[in-house]
Amino acid sequence: MAEEPAVEDRFYATFEKHDKFVAAQTRFLELCRKPLTSEEDDEVEQLLTKLSLILDEYQEQAYLLDPFLERLLGPVVEQFKLSVTHVSSSATHQSSTNISRVAFYLYRYIKFRGHKTITRFFPHEVDDLSIALTFLLTLEDSTEIKEYHRWPLRYVMLLWLSLICMLPFDLAQFDEPEDLGKTASDIESVAKQYLSKAGVERGGAAVLLSRLYTRPDTSTKFPDFLRWTVDGLQSSHQFFSTIGALEVVCELLKSGSISHVSPHMGLLSDLAIAVNENKALMNNTLVRKYRIKLISRIVLRLLPPRRTSKGRKGKALVSTSEQLVEDEDDEDGELPDELEDTLGDLFTALQDKDTVVRYSAAKAIARISERLPAEFTEQVLQQVLQLFAIHSVGAATLYDMPSIAESTWHGASLACAEMARRGLVADSRLGEVVDWMRQALFFDIRKGAHSVGSSVRDAASYVLWSLARAQDAAALARFADDLARTLVTVAVFDREVHIRRAASAAFQEFVGRTSLFPHGIDVLRKTDFYAVGTRRNAFLAAAPEVAEHDVYRDALLRHLLTVTVRHWDAAMRRLGAQAVRAICELDLWVLGPRCAAQAALLVDSADTGDLHGALWTLAELAAAFKAAGPEGPARPHLRQIFGHLAALSPAAVQSVRHEIVTAAACHLIANSIAREDVDAPGAQWRAIIDFSLKSASAPVQDAVADALAALSTLADCSAYVDR
């Protein structure tokens with residue numbers, strides 16, 4: 001298996017392509033103002049592709065464009081509004097193709113920076129309402145705009161209309177005296193029309209309806225919408241319309257005032273029950289996600305406002321007397337009856353098979369806990385921690401757990417992270433949280449030809465990052481050394497680049513906020529974002545540099561010899577063996593023999609992966625001893641390493657199914673054979689070379705060639721060559 005590619009995303013310090021981008025956008029908008037020839041039409045498509053690619057290039061650092069957004073978006077939204085106004089006021093859609101292109105370009109901005117940021121730059125005057133609404137109402141009747149060009153136009157128009165709906169004016173002023181309420185009804189009907197779409201239009205329609213129902217003059221339409229939604233759930237299994245309706249309700253529960261929401265708690269509860277009872281809908285991931293949001297936000301509306309968290313670093317801003325009053329208020333407040341059932345559903349959702357559902361449940365648990373008395377918050381955390389033990393009871397080690405444990409551990413880790421980020425982990429529970437996270441950082445369960453668990457390791461890094469931000473340094477001091485060694489080990493030796501970087505970020509947060517980690521600044525410099533970005537560099541450059549500090553050396557070697565050289569990925573085993581050598585070379589005569597003895601314990605293993613890793617490690621250590629001088633103090637160590645070949649089972653090495661083991665054995669021969677071994681009768685190494693010479697495998701052929709090259713310096717190999 002090939003090693004991780006050394007291809008890295010480029011990171012920018014500024015918007016370097018600003019001038020090129022502005023020039024292309026200016027030309028694009030210029031062409032979109034007029035009818036186009038076929039050549040100009042091709043040029044517009046090329047410009048749109050060019051602009052989209054530049055935005056994609058900066059997607060991971062979208063914030064770099066924030067200082068320029070107003071100047072960049074101003075001409076685009078102005079051009080869009082002029083085109084929509086022209087079309088709305090004329091009988092034909094003669095410029096419809098250009099409108100679609102501008103709308104798609106605006107969609108690329110929204111995809112790049114999010115609709116909440118981009119819509120702030122949309123025009124939002126009272127007169128814009130009739131322009132936007134008229135265009136949307138006639139859009140579906142247009143024959144000029146092709147269907148596959150309509151979805152970005154619908155989406156942008158719905159978002160624009162949602163922004164206009166936030167203006168404080170009475171919609172009735174647009175109605176005729178004999179037809180009051182028509183404008184509001186038209187907005188509602190056009191939004192409902194797109195709630196059942198599978199694309200982004202559904203999201204735009206949900207935002208529009210949620211803002212419509214929070215208006216003082218149209219809030220009376222919300223209970224009818226709830227009844228319409230519940231009736232639809234009972235009569236059909238339309239996934240998309242259900243998802244859209246749930247998006248509307250969740251958004252309104254999030255942003256609407258308590259006066260808009262509290263009168264309808266009964267209908268909201270009926271909706272949650274109706275969704276849960278519809279088993280066909282509950283098989284859909286997004287339906288389960290939005291149901292979690294729904295039930296949690298209902299409870300949040302019933303709980304008292306957020307109070308200062310007892311474990312936050314900012315608690316010093318509250319005086320002792322004020323804190324006592326808060327504690328008394330916590331004890332006196334009554335909790336809603338729905339709380340227990342909701343928390344039960346959320347704990348179940350933490351074990352859901354889909355990540356988005358687990359993450360929604362984790363955030364909901366933390367938000368609810370934030371509003372509970374300290375005693376109840378600790379009980380919630382205890383319940384979350386108990387999830388780690390579900391699959392751990394019957395497992396001898398972390399690696400013996402079933403693969404389904406990934407979902408449970410990931411959900412529990414996310415919940416711990418969200419609670420830690422809000423300062424909800426009491427000092428009395430800190431030790432238990434840290435112990436579980438140190439295990440979660442190495443969660444990697446073999447499943448067929450791959451493994452599962454990277455999401456758990458990522459979430460565990462998030463937990464520790466959150467603890468560093470929210471907990472007092474004094475409370476974390478007793479865990480500092482162990483956490484430092486664990487995080488550094490993951491930062492340099494994890495298989496996945498995003499896990500290495502996540503662990504590095506957590507280490508950085510501890511160093512910056514607590515100053516508890518030994519040699520923190522120096523180690524951070526060696527394991528920063530870029531240093532661990534490439535696997536080979538992390539293993540062979542960053543790890544030996546960290547191992548220069550004795551406090552980290554043993555932990556790194558222990559992980560390499562017990563985990564990495566026994567990894568399911570052969571490339572990881574080879575890289576792990578090379579890392580063992582690189583670290584041992586810091587103190588070869590002490591570390592080399594010790595690591596060789598530990599690796600030799602795996603030589604008689606029945607597991608091919610263990611045997612392969614052991615042979616590679618011994619071969620790398622032999623090469624280190626050989627480089628130090630084959631004579632003198634290195635000689636007995638080389639003899640001892642070469643002697644391990646005699647313990648190899650012929651069935652394990654001389655088999656066409658174990659080519660990687662055969663190649664590793666040849667490398668060991670090449671690096672450790674001495675002159676006295678050449679004439680030894682009945683030597684095992686001869687049988688290995690004889691078998692390897694007949695192999696059709698290229699890696700085995702290369703390895704046996706190296707072995708013969710080493711042998712040729714000690715004896716005449718013409719007999720092998722002649723054969």
Criterion (acidic (Asp, Glu) and under 33 Å from the mean Cα position of the chain (by Cα)) met by exactly one of GLU251, GLU188
GLU251
Residue list for the range 665-685, restricted to those being buried (at least 16 other Cβ atoms within 10 Å of the Cβ) and in a helix (DSSP H, G or I)
ALA665, CYS666, HIS667, LEU668, ILE669, ALA670, ASN671, SER672, ASP677, GLN684, TRP685
Do we have ALA475 as small (Gly, Ala, Ser), assigned to a helix (DSSP H, G or I) and within 23 Å of the chain's Cα centre (by Cα) here?
no
So which residues in the range 618-639 are out of contact with any His (no Cβ under 7 Å at 6 or more places or on another chain) and closer than 15 Å to ILE669 by Cβ, if there are any at all?
GLU620, LEU621, ALA622, ALA623, LYS626, PRO630, LEU638, ARG639
So which helices (runs of 4 or more DSSP H) stay within the range 289-381 end to end and still have 1 or more residues that are under 13 Å from MET419 (Cβ atoms) and modelled with pLDDT of 95 or more?
338-349, 355-369
Could you figure out which of (1) within 17 Å of PHE479 (Cβ to Cβ); (2) out of contact with any Leu (no Cβ under 9 Å at 6 or more places or on another chain); (3) among the aromatic types (Phe, Trp, Tyr) isn't true of TYR530?
(1)
Report whether or not THR608 is of a type in the set (Ser, Thr, Tyr), within 21 Å of ILE669 (Cβ to Cβ) and crowded, with 24+ Cβ neighbours inside 10 Å.
no
Could you count how many residues in the range 11-33 are of a type in the set (Lys, Arg) and without any contact (Cβ under 8 Å) to a residue 12 or more places away in the chain?
0
Only residues in the range 619-631 that are on the phi > 0 side of the Ramachandran plot count as the first member; pair them with residues that are in a helix (DSSP H, G or I), Cβ under 9 angstrom, at least 6 apart or cross-chain, and list the lot.
GLY629/ARG635
Among the residues of the range 604-613, are any at pLDDT 95 or above, under 26 Å from ALA547 (Cα atoms) and of a type in the set (Gly, Ala, Ser)?
yes
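Which of the following residues is without any contact (Cβ under 8 Å) to a residue 12 or more places away in the chain and within 16 Å of VAL87 (Cβ to Cβ): ASP141, ASP179?
Result: ASP141 is the single residue among ASP141, ASP179 that is without any contact (Cβ under 8 Å) to a residue 12 or more places away in the chain and within 16 Å of VAL87 (Cβ to Cβ).
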Residue that is modelled with the highest pLDDT, among those in the range 11-43 that are farther than 19 Å from ILE54 by Cα and not in a helix (DSSP H, G or I):
CYS32
Among residues belonging to the range 123-170 that are of a type in the set (A, V, I, L, M) and assigned to a loop (DSSP other than H, G, I, E, B), point out the one that is modelled with the lowest pLDDT.
ILE145
It is to be established whether one or more residues within the range 485-501 are among the hydrophobic types (A, V, I, L, M, F, W, C), more than 21 Å from ALA426 (Cα to Cα) and surrounded by fewer than 19 Cβ atoms within 10 Å (Cβ to Cβ).
yes
Scanning the range 601-620 for residues that are assigned to a helix (DSSP H, G or I) and charged (D, E, K, R) gives ASP610, GLU620
Answer yes or no as to whether LEU693 is farther than 25 Å from LEU602 by Cα, at pLDDT 85 or above and either surrounded by fewer than 21 Cβ atoms within 10 Å (Cβ to Cβ) or of a type outside the set (A, V, I, L, M, F, W, C) (or both).
yes
Taking the residues in the range 83-103 that are in contact with a Phe, Trp or Tyr (Cβ under 9 Å, 6 or more places away or on another chain) and of a type in the set (S, T, N, Q) as candidates, determine which candidate is modelled with the lowest pLDDT.
SER88
So which pairs qualify, if the first residue must be in the range 37-49 and touching a residue at least 60 places away in the same chain (Cβ under 8 Å), the second must be exposed (fewer than 12 other Cβ atoms within 10 Å of the Cβ) and assigned to a helix (DSSP H, G or I), the Cβ gap must be under 7 Å, and the two must be at least 6 apart or on different chains?
none
Taking helices (runs of 4 or more DSSP H) that fall entirely within the range 173-271, which contain at least 2 residues that are hydroxyl-bearing (Ser, Thr, Tyr) and in contact with a helix residue (DSSP H, G or I) (Cβ under 9 Å, 6 or more places away or on another chain)?
182-195, 201-213, 239-255
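The values are calculated or read from the model by the stated rules, or taken from the named source; none is laboratory data. From a predicted model like this one, the values you see are computed outputs, not experimental measurements. In this analysis, Cβ positions are derived from the backbone assuming ideal geometry, glycine residues included, and neighbour counts consider all displayed protein chains.
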